[in-house]
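First up is the structure itself, then whatever we jot down about it.
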Amino acid sequence: MTETRLDAVKLDGAGPVYDQIRRAIRDLVVSGEWPPGTSVPPEHALMEQLRASRMTVHRALVQLAREGLIIRRRRSGTIVASPPASHAMLDILSIPEEVEQLGQSYAYDVLSRSDGRPAPEVAERFGLKRSDKVAHLVVLHRADGKPHVLEERVIHAAAVSGLAEEDFAQTPPGDWLLRHSLWSQAEHAISAVGAGEEEAGLLDVAVGEPCLLVERRTWNQLKPVTAVRLLYPGFRHRFVGRFGPYGQV
């Protein structure tokens, strides 16, 4: 469990004290400075550090728990909550879970990774500024040993703490992000494209073979977190959703 620095909780002087405390902790969680699993300082420590009453601190923490940002436990203390793994529209589903739901065994390889400012073609493909600092990864996911989906992803370095130290040897990038980042907005697009020569070789399909391209971007409070292109061999996949009058069911 990650420990926190108490002096990181800083009040801005605007509005009721309980709401200042709520916003201060919320900003630490949303920014990624306090990642999921981080131990939140106990009430008595916050009271002493912020010179606030027990009722004021308690009210702030209760509100944060209602917002789903922290989990309060009687014996083990309060920790930063993990973000939800799926949402309406198109689920942000982990690819390992996707493969397991098919009853197949999952494996993956990180084919390449580069950190720093994006190459011109990468910046154009993902709509990045050349000044952006990102990790650019290409990952091949397999199901029962066969290519399942080709992933190309950029992760904004400023949005996720611990990115530089993570080598993704044990956890694929998408699953790692679900555990270590928060997002407030997502955009999805699905289109049909023909496999290029390099893509066809990696996916073990013919050049020009129809593929499903899923493009997704996520933001946290208008700040970009990640953008990904998932290329599925079209003849092996289809996306199914069931909808009622009030959305997806």
Assess whether GLU166 counts as being closer than 28 Å to TRP34 by Cβ, touching a helix residue (DSSP H, G or I) at 6+ places or on another chain (Cβ under 7 Å) and open to solvent by 40 Å² or more (accessible area, probe 1.4 Å). yes
Go through segment 175-222 and count every residue that is assigned to a helix (DSSP H, G or I) and surrounded by 13 or more Cβ atoms within 10 Å (Cβ to Cβ). 10
So, in segment 129-174, of the ones that are in a strand (DSSP E or B) and either at pLDDT below 90 or of a type in the set (Gly, Ala, Ser) (or both), which residue ends up nearest to SER94 (Cα to Cα)? ALA143
Would you confirm, using the coordinates I've provided, whether VAL134 is without any contact (Cβ under 8 Å) to a residue 24 or more places away in the chain and β-branched (Val, Ile, Thr)? yes
Regarding ILE79, is this residue hydrophobic (A, V, I, L, M, F, W, C), modelled with pLDDT under 90 and assigned to a strand (DSSP E or B)? yes
Filter result for the condition that a residue is charged (D, E, K, R) and under 22 Å from the mean Cα position of the chain (by Cα), over GLU215, GLU209, GLU197: GLU215
Given the condition without any contact (Cβ under 8 Å) to a residue 60 or more places away in the chain and within 11 Å of LEU150 (Cβ to Cβ), answer yes or no: does some residue in segment 169-189 qualify? no
Applying the selection to segment 98-128, what residues are open to solvent by 70 Å² or more (accessible area, probe 1.4 Å) and in a strand (DSSP E or B)? LEU111, ARG113, ASP115
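Residues checked against (1) modelled with pLDDT under 90; (2) among the β-branched types (Val, Ile, Thr); (3) open to solvent by 30 Å² or more (accessible area, probe 1.4 Å):
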| position | (1), (2), (3) |
| --- | --- |
| VAL29 | yes, yes, no |
| HIS58 | no, no, yes |
| LEU64 | yes, no, no |
| PRO96 | no, no, no |
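The values are calculated or read from the model by the stated rules, or taken from the named source; none is laboratory data. Everything numeric in this text was worked out from a predicted model, so none of it was measured. Because the Cβ atoms are built from the backbone with ideal geometry, glycine has one as well, and the counts that use them run over all protein chains shown. For the accessible areas, the whole protein counts, side chains as well, though only heavy atoms, and no ligand, DNA or RNA atoms are used. Shrake-Rupley method; radii C 1.70, N 1.55, O 1.52, S 1.80 Å.
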